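The values are calculated or read from the model by the stated rules, or taken from the named source; none is laboratory data. Remember, predicted model here, so these are calculated numbers, not experimental data. No Cβ is skipped: glycine too gets one built from the backbone with ideal geometry, and neighbour counts run over all protein chains shown. Keep in mind that these areas ignore ligands, DNA and RNA; they rest on the heavy atoms of the full protein, side chains included. Shrake-Rupley method; radii C 1.70, N 1.55, O 1.52, S 1.80 Å.
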Amino acid sequence: DAPLAPGELTVVVLPPRNATTRGQLLRMSGLARDEGHQLLWREVRGPAGPGAWPALARRLRTADRLVIGDPFSRWAQLLLAGSRTRRVVVVDDGTATMEFTAQLSRGEPLVRWHRAAAPRGARAALFAPVARRALRGLSPVGGRQVEVFTAMPVERPPGVTVRRNDLAWTRGRFGPPQTTGGSDLVGTSLVETGVIHEDRYLAAVASLAAEYGVTRYLAHRKEGPEKLKRVAALAGLEIVRPDLPLELVARTGPIGRRVLSFPSTVVHTLPLVLRGTDSGVSVCEITDDWLTDRASPRAGGFLAAVIAGARGAHGLPVLPVPLPPPAV
């Protein structure tokens, strides 16, 4: 509960291959160092990856507390499976945290909400024992203390402590932002993950831009350049590639007086970081006819729950997106 002393926390970054995400992690790594924490950047993907694990395993064996940011990550699960720590904290403000706590409550294998089914095949079979050990490592059994620290509205698994993140550090460290007179639209990776049709998404972006005076499109880190070119051409928007997580970008500004977003993490985090400013957040509906055949059967219900949670927790207005019917 007390602030950590310099050197008390070691941050280990296991960067992905995506260049935009790596860039954001580099900027965040600098912030972590500015706060006095030791930081280790470890390339675990690729041919040099196996060499990074022995040193990490030694650190885990002596760690008093393990804090992880993505319990669905196979790399995080590998770390959990090899850890003996009795105190585990999941720090995650993503919408996936809602699914994580629900699956942990039911004792189910951890599967990301947008996947139609658990991974199969030889690699999945080889990893299955690791995943089971990781799930036990996230369960409050045998005296283990498990905590979830999140801004998301989540159910509390039995025996797990849930603490609310109201992003007070972000508000205190940055801003307040300058607000512009226009509207900003937050991009999403729902097309990239195969959840919604790209043509429906592009039509929705164009419709929202015309209806609400959107001038800037704040791209998601996983959106590719070709898709963003289509967004700019179809809707006439300025494409902004944030080099920090959107919560920090919004707090430093400039940011639109109205920020529109499809159901995603930011409909829960942006209302918190923009509290007390002239900027407000609205959430845009996604209807079932946007979903692809590859989408998980629970995708529609999950997105609806994100919208309902944002409306209930933050009183966000929900905007319908007027679209022509899909072509047959």
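Here are the numbers for the structure shown:
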| quantity | calculated |
| --- | --- |
| Within the stretch 172-205, tally of residues that are assigned to a helix (DSSP H, G or I) and open to solvent by less than 50 Å² (accessible area, probe 1.4 Å) | 6 |
| Conditions (1) open to solvent by 20 Å² or more (accessible area, probe 1.4 Å); (2) in contact with a strand residue (DSSP E or B) (Cβ under 9 Å, 6 or more places away or on another chain); number of the one not met by ALA233 | (2) |
| Residue check, LEU218 open to solvent by less than 30 Å² (accessible area, probe 1.4 Å) and in contact (Cβ under 8 Å) with a residue 24 or more places away in the chain | yes |
| Residue list for the stretch 109-143, restricted to those being assigned to a loop (DSSP other than H, G, I, E, B), at pLDDT 80 or above and open to solvent by less than 50 Å² (accessible area, probe 1.4 Å) | LEU110, VAL111, LEU138, SER139, PRO140 |
| Matching residues in the stretch 135-151 - criterion: being aliphatic (A, V, I, L, M), farther than 21 Å from VAL267 by Cβ and without any contact (Cβ under 8 Å) to a residue 60 or more places away in the chain | LEU135, VAL141, VAL146 |
| Out of GLU285, GLU247, sole residue that is of a type in the set (Asp, Glu) and buried (at least 18 other Cβ atoms within 10 Å of the Cβ) | GLU247 |
| Of all residues making up the stretch 49-89, the number that are among the acidic types (Asp, Glu) and open to solvent by 70 Å² or more (accessible area, probe 1.4 Å) | 1 |
| Any hit, the stretch 289-300, residues being open to solvent by 30 Å² or more (accessible area, probe 1.4 Å), under 19 Å from the mean Cα position of the chain (by Cα) and touching a residue at least 24 places away in the same chain (Cβ under 8 Å) | yes |
| Residue list for the stretch 152-193, restricted to those being touching a residue at least 60 places away in the same chain (Cβ under 8 Å), touching a strand residue (DSSP E or B) at 6+ places or on another chain (Cβ under 7 Å) and of a type in the set (A, V, I, L, M) | VAL162, LEU185, VAL186, LEU190 |
| So GLN24, is it touching a Lys or Arg at 6+ places or on another chain (Cβ under 9 Å), open to solvent by less than 50 Å² (accessible area, probe 1.4 Å) and modelled with pLDDT of 90 or more | yes |
| Pick from the stretch 44-68, criterion in a helix (DSSP H, G or I) and either small (Gly, Ala, Ser) or touching a residue at least 40 places away in the same chain (Cβ under 8 Å) (or both), ranking: nearest to LEU135 (Cα to Cα) | ALA57 |
| Looking only at the stretch 259-282, and only at residues there that are hydroxyl-bearing (Ser, Thr, Tyr) and crowded, with 22+ Cβ neighbours inside 10 Å, the one that is nearest to VAL191 (Cα to Cα) | SER264 |
| Tally, over the stretch 144-171, of residues that are out of contact with any helix residue (DSSP H, G or I) (no Cβ under 6 Å at 6 or more places or on another chain) and in a loop (DSSP other than H, G, I, E, B) | 6 |
